[in-house]
Amino acid sequence: MHQRTRNIVLTGFMGTGKTAVSAELAAMTGLKAVEVDAVIEQRAGISISEIFATQGEAAFRLMEAEAISALASATGSIISTGGGAVLRDDNMDALRASGTVVLLTASAETILERTARHTDTDRPLLKVNDPLAAIKELLEKRRPHYERADLTVPTDGKAPAEVAREILKRLGWKR
Ligand code: S3P
């Protein structure tokens, strides 16, 4: 029944809540939640950290582009991307063509707090001496790319379910 439903694409910096909001959206809509990072890990057979460590970021970005192109050809999914997926224009073009691209935002301080809480996840870019400075620098560098999203939802101080409800309202979602 959701055969032709356009995808809902979640993008935004690490720690903006994409995974948690995606789970809420899936529960609220019945659409399937898929994660670009999980597809990359599954295809590579190793973790994101291992890919960065053994093959470097450029190799990771290529794998990311391939995973996005595969996922964007499906319909009726909630696709959550890694925070750097928007850096390539062709990724953003494919995602925008497949559905509505929603940008989740949060302050650098909120991002630091959330990412520090989940140290088990794969975020090699934040494993540095001064993660707050790294967050601020990357946010600034990525701003023009993130701004290509169709709509922006701030997440500071909000629970994932609240953010999900706001997204569905703004999309005029009807089952
Ligand atoms: C990255 C974000 C990560 C993961 C990789 C690179 C980035 O995903 O793809 O560590 O460049 O911002 P999350 O945003 O899901 O943490």
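The values are calculated or read from the model by the stated rules, or taken from the named source; none is laboratory data. If you're wondering where the values come from, they're calculated on a predicted model, not measured in any experiment. So basically every Cβ, Gly included, is an ideal-geometry build from the backbone, and we count neighbours across all protein chains shown.
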| note | Inside segment 3-38, the number of residues satisfying the requirement of being more than 11 Å from the ligand (Cβ to nearest atom) and under 18 Å from I68 (Cβ atoms) is 8
| request: Test E57 against the stated conditions and say whether it is within 11 Å of the ligand (Cβ to nearest atom), at pLDDT 95 or above, in a helix (DSSP H, G or I) and under 20 Å from A33 (Cα atoms). | output: no
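Yes/no matrix, rows are residues, columns are (1) surrounded by fewer than 16 Cβ atoms within 10 Å (Cβ to Cβ); (2) touching a residue at least 12 places away in the same chain (Cβ under 8 Å); (3) among the hydrophobic types (A, V, I, L, M, F, W, C):
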| site | (1), (2), (3) |
| --- | --- |
| P124 | yes, yes, no |
| A133 | yes, no, yes |
| P144 | yes, no, no |
| T155 | no, yes, no |
| A159 | yes, no, yes |
| E166 | no, yes, no |
| L171 | no, yes, yes |
| K174 | yes, no, no |
| task | Can you confirm whether segment 67-79 contains a residue that is modelled with pLDDT of 95 or more, within 16 Å of E41 (Cα to Cα) and more than 15 Å from the chain's Cα centre (by Cα)? | result | yes
